[in-house]
1. If you count only protein heavy atoms with a 1.4 Å probe, what accessible area per residue comes out for region 151-220, rounded to a whole Å²?
2. Given the Cα-Cα distance of residue 223 and residue 83 and 0.36 nm per residue of separation, how much length would full extension add, in nm?
3. How much length is gained if the chain between residue 161 and residue 187 is pulled fully straight, taking 0.36 nm per residue apart and subtracting their Cα-Cα distance, in nm to one decimal?
4. So how much accessible area does residue 257 have, in Å² to the nearest 10, using a 1.4 Å probe?
5. Using a Gaussian network model on the chain with a 10 Å cutoff between Cα atoms, which of 69, 172, 124 fluctuates the most?
6. What is the dipole size for region 23-137, taken about its Cα centre, with +1 at each Lys and Arg Cβ and -1 at each Asp and Glu Cβ, in debye to the nearest 20?
7. So, R0 is 35 Å and r is the distance between the beta-carbons of residue 204 and residue 37; what FRET efficiency does that work out to, to 0.05?
8. Calculate the radius of gyration of the Cα atoms of the chain to one decimal place, then report Dmax, the largest Cα-Cα distance, as a whole number, both in Å.
Amino acid sequence: MEYIGATGVPVKFDSVPIEKGIDFHFILGFAIDADPSGKAQNGKFSPYWAETLSPDSVAAIKGRHSNVKVLASLSGWSVNDNVVRWYDPIDPKLWISNAFSSLKSLAFTYHLDGIDIDYENFPKRGNSTSFAYCIGELITLLKNQSLISVATIAPYHLTVKPYMELFSDYGKVIDYVNHQFYTDKVLTPQSYLEGFKLRATQFDKNKLLPSYEVNGRGIQGDAFFRTLSLLEENGFVINGIMIFSADVASSNNYFYERKSQYFLLNSTII
């Protein structure tokens, strides 16, 4: 799984290496329930990813690679430097209805296969009262109407609690957990393993994916691939890898995308 289009860089699908025999999910960043000024729109999501990732380009990459799926990630951190927050809608059912309609439109326009949930800011007062219900019902409705086939969530260390509630109530409609391990400040394979063990108790270990931030935070370089082997040695089955992001990875010719796919296809390190 690879996030793409969130930084404004004119990145293109064609640049990313895609191996046969593996499911490759592009995650568009981001569809946001806000106008350009950051004002919430009561569930009416709009696309804010790079303009180079057009509907035609989505159709083209999927046409060339039958193993490619494309998801829209919801929310992210900000829009035009305005922080985006989960807010409890006054009428949750209306929010769900609006979200369903807007995402249905996006799904048809951009040929989407799924959505990724990446709300990263929550009300300061503590637990959100409606996040799990609104998001869980939204995913359920989209799947029941066959508008999406894949749903993922992307918690990080400060947002684990609301995502645990969501997963507890609606785990059956969530396919993967793209936990942002690079925010956990783990710098060694052993510390990554301990963090993975913890998140595996909070979510489903078989749906939990190790993650990597290119030229970013957390564990870097070959230590990440030593980590993958260590996870396997400790009984974890690596069902996928999440990378953030293709926007940055072009600077090293997508080295980590190539090596990650090699690992998944061969279950060994180069």
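1. Working: 2850 Å² over 70 residues.
In whole numbers, region 151-220 has 41 Å² accessible per residue.
2. Values: separation 140, 0.36 × 140 = 50.40 nm, distance 3.25 nm.
Value of the extension gain: 47.1 nm.
3. Length gained between residue 161 and residue 187: 7.0 nm.
4. Here the accessible area works out near 0 Å².
5. 124
6. Working: 10 positive and 13 negative charges, 27 e Å.
Value, rounded to 20: 120 debye.
7. 0.35
8. 17.6, 53
The values are calculated or read from the model by the stated rules, or taken from the named source; none is laboratory data. Computed from a predicted structure; not experimentally measured. Counting neighbours? That spans all protein chains shown, and the Cβs are built from the backbone with ideal geometry, glycine included. For accessibility, only protein heavy atoms count, side chains too; no ligands or nucleic acids. Shrake-Rupley method; radii C 1.70, N 1.55, O 1.52, S 1.80 Å.
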